[in-house]
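This report refers to the structure that appears directly beneath it.
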Amino acid sequence: MLHEWLYLVIFLAISMFIPAIAIGMAALLSPKKPAPIKNSIYECGIETYGPTKIQFKAQYYLYAILFLVFDVETVFLFPFAVAYNKLLLFAVVEVIIFVIILGAGLAYAWRRGALEWS
Amino acid sequence: MSFIADPVSFITNWLNSLLSGWGIPDMWVQFIMFIIGAGLLAFGAMIFTIGLIWLERKLGGRIQDRIGPNRIGPWGVFQPIADMLKIFTKEYITPIGADILLYNLAPILAMAAVLGLWAVIPLSSTAYGTNINVGALYLIGIGAIGELGIILAGFSSNNKYALLGGYRAVAQLLSYEVPMAITLLIPVMFAGSMGLNDIAGAQKVAFIFQAPVAALIFFIAGIAENGRAPFDLMEADSEIVAGYNIEYSGLKFGMYYVADFLHAFTSALLFATIFLGGWRGPGAEQYPILGFVYLFVKTAVVYLLTVTIRFTVPRLRIDQVMAFNWKYLTPLALATLLVTALVDKIAPAGQGLLRIILLLVANVLLFLLADRLVTLYRKNHQKLRKVVSEFRPVPVTIRPSVAADEPEVQS
């Protein structure tokens, strides 16, 4: 089993290597003429106005929290899915209750307006 | 004959015997074989993208009632090569104040994430990168690395529009991981294993017939994960001028471009493997070369559907995109999971056809119920818009000195 994961490590290393090599090759082939106007930050053709790190809207944080909750729930459900064929109906009803409890969390977020993009 | 029937195994065995014959110890032989295999697969995927770019531009042109590229080469087949030559020789303009390491790392990560998906896909019954037993979970994880590339690009460009584009893009991509992961559970349930080889091998009847709603949700979430139309406000020119990759030029931008197209094809490949039966088809076990052909045909059908959707459907706004995910797709995905788990356990064992029919009926009922609920929701929550250009009569008097001979008009 170890050699399967070894292949994956090698594959990921190669797949990071190949774009890096390509970008490096293009860096050799391309001209390099930096100029202040060329390197300035793009803002639809005018001078950059104000700081470039704008404020982080809180709505993104709420989406991230929701994603976290559902992702952890999915991770809990993966062993259930793998062992599904050997389970009894009782276990399936348990999992249904688990998902309904988390779905109630989603309904709460919905009613409280946490899903609105504002 | 065995070379034609199963070229990958033939070449693998020949190389193995060649390397062992040179006296190299077994572990090193395996290591070298892995490096060669991985290199060929990754490189082949990148080269294949060139054909994909051409195909998409031609098809898009035809759907839009124009010809597409036709100057360079017969039917424009050398157009992507010309594009590649152009992109290789463009200057890298690094913006002032950009974080150099992150700025250069981001396109590499985006490309590596898409290439990494190819490692676990079974291309035929004997040709696959690796058969790890957590293939489905690996897919979700590697997809998330691509999102990392996008937020790094947005953040390190020192540009507020890139940052804004990066935030929105990651919000969209993160949200659509949820229904994708939940509906990925259903084939895992049917196959009893997370490994993609097992999922492809367990499909005597393709999973799309046993879980059509799950397949639909996976398809839509796949398109949204990729960032293609109708979910393509990450790169919409009219919205926030190219979004997170404003400050990229030359091959770094080309990497994002190539990663986009390759991701579209890889999503189609995954859908074909997980829901359409992958390499399975008549005679695919004895002649693994046929497995390639079947997989390619199935992927082509799904990919062409994706391209057609891209050039037909108008773009969605970001709040529509998020509302669609959290208020429709996620609850529907959860409901599908529960209904499928319940019906599959209740269905009498051993009756293959009866179980499939029960699952189909349950899925159709669920979809109709969801449809009804959406219609009700829309009716209750429809914001009445005030039409600003309503005709509102304004009292007007014309003074008699201006128009002496005309009667006074008062309305």
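Coordinate-derived values only; no laboratory data. Everything quoted here is computed from the prediction, not taken from an experiment. Cβ sites come from the backbone with ideal geometry, for glycine too, and all protein chains shown count toward neighbours.
Listed values, structure above:
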quantity	calculated
Sorted by Cβ neighbour density within 10 Å, fewest at the top, the residues B:TRP279, B:TRP28	B:TRP28, B:TRP279
Karplus 3J(HN,Hα) series, Hz, for segment B:297-311 with 6.51 cos²θ - 1.76 cosθ + 1.60 (x for Gly, Pro)	5, 5, 4, 4, 4, 5, 5, 5, 4, 4, 5, 4, 4, 4, 8
Segment A:73-118: trypsin sites (Lys or Arg not before Pro) in DSSP loop, at most 13 other beta carbons within 10 Å	A:ARG112
Built amide H within the under 5 Å cut-off of B:TYR128, gap 5+	B:LEU123
Cβ-based net charge around A:LEU77, under 13 Å, with every Lys or Arg adding one and every Asp or Glu removing one	-3
Net charge over other residues, Cβ less than 11 angstrom from the Cβ of B:LEU290 (K, R count +1; D, E count -1)	-1
Three-way shape call for segment A:2-111 based on the alpha-carbon gyration tensor, with the a/c threshold at 1.5	oblate
Global geometry of chain B, whether rounded, prolate or oblate, following the gyration tensor of its Cα atoms and the 1.5 cut on a/c	oblate
Debye, to nearest 20: dipole size of the protein assembly as shown, +1 on Lys, Arg Cβ, -1 on Asp, Glu Cβ	680 debye
Burial ordering of B:HIS263, B:HIS381, A:HIS3, fewest other beta-carbon atoms within 10 Å first	B:HIS381, A:HIS3, B:HIS263
Links that overshoot a 24 Å alpha carbon limit, given the list B:LYS252/B:LYS298; A:LYS32/B:LYS252; B:LYS58/B:LYS86; B:LYS204/B:LYS298	B:LYS252/B:LYS298
Per-residue ³J(HN,Hα) for segment B:159-167, Karplus 6.51 cos²θ - 1.76 cosθ + 1.60, θ = phi - 60°, Hz, x for Gly and Pro	9, 5, 6, 5, 5, 4, x, x, 4
Inter-site label distance for B:VAL301 and B:LEU360 at 7 Å from Cα along Cβ, in nm	1.5 nm
Calculated FRET efficiency for the pair A:GLU94/B:ARG317, C-beta based, R₀ 30 Å, to 0.05	0.15
For the protein assembly as shown: rounded, prolate or oblate by the Cα gyration tensor [a/c cutoff 1.5]	oblate
Within 10 Å of each Cβ in B:183-191, the average number of Cβ atoms from other chains	4
Integer Hz, Karplus 6.51/-1.76/1.60 couplings in order for segment A:81-90, x for Gly and Pro	5, 5, 8, 4, 5, 9, 8, 8, 4, 4
